[in-house]
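To start, the structure itself, in C-alpha cells.
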Amino acid sequence: MLELITVVFEPELPLLKIQAHSIQQYITDVERITIVVNDHSDIASMIDPQWWGEWHDKVRIITRDKWKYSSRLTGWEEQQLLKLLAASEAIAPWSMVLDAKTWFKQKFNTDIFFDKQGRPRTGSVPVFPVFESSQKFIEKYYNISMPKVLGPAGVPFMFHSETVRGLVNSIEDFIEFFQTNVKYPNLITEFHLYSGYVIAQFGSYESLYNLIPRYTVLNIADYEAGRFDQMLDETVINKDLLTVSIHRKTYKLLSGSQIQRWVKFLLDNRIITNEQETISLLNTFVT
C-alpha cells in the first residue's frame, strides 16, 4: 500500500485541487493521503477533503506546527524538511512525495511499478553539478560514494517509510541538523540526504530499489520556459509519463497560446474538467 504526501502553502491551493482531481482519476489504491500545510495553521481549513472524491476519507491534513520547532528556513527549505518528517510518519510501507503542482497523467499501476521483490522501479540519475556541495557533504558525512541519486531526484519521489524513519531517528536533533545543513555552504537536499542514508545502510540502492525506471516524469522549471513547446511535444507522445508539473514561476514566462496549449493537454488527459476555469487560475501566476 501507498501513502501520498504533499506539502503546500496558500498560493498553491488551486494547484492542489487539480492534483486531487488527478489522484481521483489515476490512483487506484492508497492507504492515506497526507497534506502538510507549510503556512499559517488556519490555511488547513481552506482544504476540502471532498476534492479527492472517493478518497476523501483517506485525507489527513496537518500543519507544520505539529512538530513544534522554531524555524529559521525559507519556504522552499522548510518544504524539504517537512517532506522528510511527514514521510517518517507514514503508515504505508512506501510513501510517494509530491508537490502541489505534481499531477498524475496516467494510472499508477503498482503491479508493474513494483518488481517481484517489492522494489519500486524508480531508477537513478546523476547528481547535477548545481548540487555538488550537497553531494560532497553527504558523501563525507556517511563516508560513501554517491555519484547518482534515486530517481527522479525530484517529485514524485518514493520513500521507503521504515528507512526514512531510520534516517530521522539516526541523527540527534534531526530538525536542527537539517536546518543547519540545508543552508550554505552544504546546501543538502532531502532526496540527496535520504539517498546517501540508503547507501550507508544497505551498501547500494538495489536492496530497496529497482534501478530500471518504469515511469518517466515531466517537471518544467522556470529556466526551461524557452523549451516549453519542445518538452510538451515530447510529452504528448511519451506513453511512460506518470506525472506532469510546471513550476508556478514558469507561467509568467509563457505566452497566452502556450498556456492554452498546456490547458488543452490537461483537459485531453482528464487531469482537469473545466478549460476556462483552469486558464483563469493559471493566469493568476502570470501577474
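If both residues of a DSSP beta bridge must be in the chain, then about 30% of such bridges are antiparallel. Think of the chain as having a plus end and a minus end, set by charges on the Cβ of Lys, Arg, Asp and Glu; of PHE285, PHE228, VAL244, PHE228 sits farthest toward the positive end of this dipole. Compared with the dominant Cα axis of the chain, that is its longest principal axis, helix 256-268 is turned about 80°.
What are the lysines whose alpha-carbon lies under 26 Å from the alpha-carbon of LYS239, with same-chain residues fewer than 8 places away excluded? Partners found: LYS17, LYS101, LYS105, LYS107, LYS116, LYS148, LYS264.
Among LYS249, LYS105, LYS58, rank each residue by its count of other Cβ atoms within 10 Å, from fewest to most, as a rough exposure measure. Each step should come with its number before you reach the end.
Details: LYS249 12, LYS105 22, LYS58 17.
The most exposed by this proxy come first: LYS249, LYS58, LYS105.
Within the shell of other residues whose beta carbon sits under 15 angstrom from the beta carbon of ASP173, the net charge comes to 0, with Lys and Arg scored +1 and Asp and Glu -1. When LEU282, LEU232, LEU98 are arranged by Cβ crowding within 10 Å, least crowded first, meaning fewest neighbours, the order is LEU232, LEU282, LEU98. Each stretch of four or more DSSP H residues adds -39500 (n - 2.57); spread over every residue of the chain, this sum gives -11000 deg cm²/dmol at 222 nm. Working ranking of peptides 2-9, 66-73 by packing, defined as the average number of other Cβ atoms within 10 Å per residue, highest first, is 2-9, 66-73.
Which whole-number percent gives the relative contact order of the chain, counting Cα pairs below 8 Å spaced six or more residues apart? Walk me through the intermediate numbers first.
On the way: 475 pairs, mean separation 59.6, N = 287.
Reported relative contact order: 21 percent.
Counting beta carbons within 10 Å around each of ILE246, ILE61, ILE112 and listing the fewest first gives the order ILE112, ILE61, ILE246.
Per-residue packing, averaged as other Cβ atoms within 10 Å, sorts the ranges 143-156, 170-183 into the order 143-156, 170-183, beginning with the highest. Working ranking of peptides 118-129, 188-199 by packing, defined as the average number of other Cβ atoms within 10 Å per residue, highest first, is 188-199, 118-129. Considering all C-alpha pairs of the range 217-287, those separated by over 18 Å amount to 32%.
For the chain, the longest principal axis of the alpha carbon atoms and the long axis of helix 190-202 meet at an angle near 40°.
Rounded to the nearest 10 degrees, the angle from helix 75-87 to the longest Cα principal axis of the chain is 70 degrees. Taking Cα centre as origin and charging only the Cβ of basic (Lys, Arg, +1) and acidic (Asp, Glu, -1) residues, the dipole magnitude of the chain rounds to 360 debye.
Any read-out appearing in this document is the output of simple, stated calculations on the displayed coordinates, not a laboratory observation. This is a predicted model, so every value here is computed, not measured. Glycine also receives a Cβ, built like all others from the backbone with ideal geometry; neighbour counts cover every protein chain displayed.
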